[in-house]
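Peer 1: I have a structure here, written as structure tokens, and I will follow up with some questions on it.
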Amino acid sequence: MTTFAAPRARMTAQGFRTLTATQARLLLRAPAALIWLAFPLLMLIAFGSIPGFRTADADLGGRSVLDVYVPTIAAMVPLFLGCTALPMTMADHREKGFLRRLSVSPVPAEGMLAALLAVIAVLAAAGVGVITAVGGLAYHVKAPADPGAVAAAFLLGTTAVLSLGLVAAALARTSAAAAGMGVPLMVLNFFFSGLYVPLSELPRALRQISEYVPFGAVMAAWDGRGALWQHLAVLAAYTVVGSLLAARLFRWE
């Protein structure tokens, strides 16, 4: 008896656009979405309203507190989205049986994941752009010495945390479990991006460790510390290893 393998589902461009629009609506319906996008901007406005934060400080190498914190505040957007929104959204889809229903539909898994990643990547890029634009135009925050290198570092930093978020999404069966994995990862990156304590005030050993944490490496690229190629290589390694792990571990249920 001859058997025939089922043809592999393929997604059309129209199908991908529809799925992307659906993912965007689902994501933005969640109240937390507004927090992910608005909180960093509100934090920037609050810091910018403090006159002393806009004054150059000799202890900060002639930079103001706002000069130091704007890249860290900008980093909050991809970290919120990659470490919490992505895994929690996927886990919520899994809890509600949406992924199981999708697994037997003509929609390929790669298409669904690509649509969700596309939405989150666009939101992250828009959020970082708004924070840096407001910082520069409204508060005259100093631009990095090499904007192209910093843009590349932010891009790779975002793909790195998205890939780590995918690993959490692949492992977590519930949104609570996803939060339990994603939040510590986000807090670790917050710490090494200088959100809690300026990096310049950390011991030398911690500053060196920070260059091997995704958004610690991004901040090092922004500040011009160390070799740029090393920071980009660290971020690329996180992206590749995280993506391979997520692809291997992903389950529909």
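Peer 1: Once you have the Cα-Cα distance between ARG25 and ALA133, take 0.36 nm times their residue separation minus that, and quote the gain in nm to one decimal.
Peer 2: Length gained between ARG25 and ALA133: 36.3 nm.
Peer 1: So if I average 1/r over every pair of distinct C-alpha atoms in the chain and take the inverse, what Kirkwood radius in Å does that give?
Peer 2: 19.2
Peer 1: A further question on this structure: Using a 1.4 Å probe on the protein chains only, how many percent of the accessible area of the chain belongs to carbon and sulfur?
Peer 2: With neighbouring chains kept in place, the figure for the chain is 68 percent.
Peer 1: At 222 nm, what helix-only mean residue ellipticity would the chain give, in deg cm²/dmol to the nearest 500, using -39500 (n - 2.57) for each DSSP H run of four or more?
Peer 2: Calculated mean residue ellipticity at 222 nm is -23500 deg cm²/dmol.
Peer 1: Write down the radius of gyration of the stretch 88-176 and its Dmax, each obtained from C-alpha positions, in Å.
Peer 2: Computed over the Cα atoms of the stretch 88-176, radius of gyration and Dmax are 17.2, 53 Å.
Peer 1: Could you work out how far apart the two model spin labels at GLN230 and LEU188 are, taking each label as a point 7 Å from the Cα in the direction of the beta carbon, and quote it in nm?
Peer 2: 2.0
Peer 1: Here's a follow-up. Using the Kirkwood formula on the Cα atoms of the stretch 156-248, what hydrodynamic radius do you get, in angstrom to one decimal?
Peer 2: By the Kirkwood definition, the hydrodynamic radius is 13.6 Å.
Peer 1: Further question on the same structure: Using only the Cα atoms of the stretch 15-122, build the gyration tensor, take square roots of its eigenvalues as a ≥ b ≥ c, and label the shape rounded, prolate or oblate: rounded if a/c is under 1.5, else prolate if a/b is larger than b/c, else oblate.
Peer 2: Cα axes put the stretch 15-122 in the prolate bin.
Peer 1: Probe radius 1.4 Å, ligands and nucleic acids left out: which of LEU195, LEU249, LEU137 has the largest accessible area, and how do the rest follow?
Peer 2: Sorted descending by solvent-accessible area, the residues read LEU137, LEU249, LEU195.
Peer 1: Ignoring ligands, DNA and RNA, what accessible area per residue does the stretch 119-253 give at 1.4 Å, in Å²?
Peer 2: Averaged over the residues of the stretch 119-253, the accessible area is 47 Å².
Peer 1: Using heavy-atom solvent-accessible surface (probe 1.4 Å) with all chains present, what is the largest-first order of GLU211, GLU201, GLU95?
Peer 2: GLU201, GLU95, GLU211
Peer 1: Could you list which residues have their amide H under 5 Å from that of ASP57, counting only those 5 or more apart in sequence or on another chain, with H placed in the peptide plane?
Peer 2: Excluding prolines and chain starts, which carry no amide H, the hits are GLY62, ARG63, SER64.
Peer 1: If one puts a single equal scatterer on every Cα of the stretch 47-197 and applies the Debye formula without solvent, what log₁₀ I(q)/I(0) results at q = 0.11, 0.18 Å⁻¹?
Peer 2: For the stretch 47-197, the Cα-only Debye profile gives -0.50, -1.03.
The values are calculated or read from the model by the stated rules, or taken from the named source; none is laboratory data. The structure presented is a predicted model; accordingly, all values stated were derived computationally and were not measured. Virtual Cβ from ideal backbone geometry, glycine too; neighbours counted across all protein chains shown. Surface accessibility is based on the protein's heavy atoms, side chains included, excluding ligands, DNA and RNA. Shrake-Rupley method; radii C 1.70, N 1.55, O 1.52, S 1.80 Å.
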